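Contents: one structure, followed by commentary.
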Amino acid sequence: MSDSETRRYTLALLLALTGTSAFSLQFFVPAMPALVGIFETTPAMVQLTLTLFLAAYGIFQAIYGPLSDRFGRKPVLVAAITIYIAGSFLGAAALSIEMVIIARVLQAVGAAAGFVLVPAIARDVYGRDGAPRAMGYISMTNGFISAAGPLVGGLIHQYAGWRYGLMATGALGVTMLLFTVLYLRESGTVIRQRVAIAVLARGYAALAKTRGFMGYVLSVASVNGVFYAFLAGAAFVAIENLGVSPSGFGLLMVPAVAMFMTASFFSDRLARRIGTTRVILIGTLFTATGAVGLLVVSLAGHQSVTALLIASAFMGLGNGQVLPACISEAVSVEPRLAGTASAWLGVSQMAVAAAASQIYGFIHDGTTLPVALLMTILAGGALGGWVLIARRNVAPATSA
């Protein structure tokens, strides 16, 4: 197999791993409102199936990144997918909401590796010049699954039952395990040092001291948080109050993801013309516009499917510009620590998303106001991240 063929096959596998990881989170959301009645519990308790998923998803990214730098990308990925499979089938057999929560946490532990290692492998294989284009395709796949996930999950829940969704993810995990074992080549440069907290901390500290890196982290975490605040809140509002079916909620996400995919596709091309810093600013402003617009109409007492659709479209357009640009730049700040950088990005995204999700579980009042308020606050954080990035890029010119 030629080198060009290997790179194409590697990209295809990376896209499949990204899709599996994204689907694991998205497919379950339409079933969440029904679990309140099925297990005779509270919305806040059911929200833990998302919140703790996101928390475990983030925590284990912090672990997988440095481990992959030490032991290699492939063995870490194989171990994680095995855990993911176990969690999927455990969830399908769950007899209580507590067991569902535990199963979702195990799923998250496994899925985290797919999320955090894919950017690192892309950086390994395609280099700094090729990574932005690869990340564009990866972001498009992530966006497509963000639309297909709730739609497919909603259809499975509506016509077969939520357990079958978990069985489907288990089968998907088995497929990914086989393809990873058979076709993925080790791409990382193994750092021969023992894995210890002090060693991991030094890697994160080195990145934190790198000018502008924390700006990328804040931007990525904030715009991603806007998305998950919308995802968590819109499901309850649309299904419980606006009469949208579980499968219909999946369709509600289509404009957001269509705009996300379009923006991701053109993100690299636009960055070559005007620079990544300006692309990030434009994307952040689109995201903020969607959040603030929804807040304004919510304060006016108006809530409708149309308002959610418009807000989600602006959000998708903005996120599609910000995420590929920020991620490709962040993992290239220090190539030797690409895995650690990717882990930091993943942890920050999931930590903010988990916090937003659970906060919504407590302030949920049936209207779009709590959703819009959370989205607006997080959009403000994204603007703060852009300021840090802009300072990084103007500092050398100023000193000259």
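The values are calculated or read from the model by the stated rules, or taken from the named source; none is laboratory data. The model shown is predicted, which means the values in this text are computed figures rather than measured ones. Don't worry about glycine lacking a Cβ; one is built from the backbone with ideal geometry, like all the others, and counts go over all protein chains shown.
Observations, loosely collected:
- Enumeration of residues in the stretch 285-312 that are among the polar types (S, T, N, Q) and part of a helix (DSSP H, G or I): Thr287, Thr289, Ser298, Thr306, Ser312
- Qualifying residue in the stretch 31-45 (condition: hydroxyl-bearing (Ser, Thr, Tyr) and outside any helix (DSSP H, G or I)): yes
- Scope the stretch 52-66; condition crowded, with 24+ Cβ neighbours inside 10 Å and at pLDDT 80 or above; matching residues: Phe53, Leu54, Tyr57, Phe60, Tyr64
- Any chance Ala288 is farther than 30 Å from Asp124 by Cα, under 20 Å from the mean Cα position of the chain (by Cα) and surrounded by fewer than 24 Cβ atoms within 10 Å (Cβ to Cβ): yes
- One residue stands out in the stretch 359-394 among those that are β-branched (Val, Ile, Thr) and closer than 18 Å to Val296 by Cβ: the one that is surrounded by the most Cβ atoms within 10 Å (Cβ to Cβ), namely Val371.
- Flag if Tyr137 is at pLDDT below 85, over 20 Å from the mean Cα position of the chain (by Cα) and closer than 26 Å to Leu270 by Cα: no
- Subset of the stretch 172-185 [in a helix (DSSP H, G or I) and touching a residue at least 60 places away in the same chain (Cβ under 8 Å)]: Leu172, Gly173, Val174, Met176, Leu177, Phe179, Thr180, Val181, Tyr183
- Residue check, Asn224 within 19 Å of the chain's Cα centre (by Cα) and either surrounded by fewer than 22 Cβ atoms within 10 Å (Cβ to Cβ) or polar (S, T, N, Q) (or both): yes
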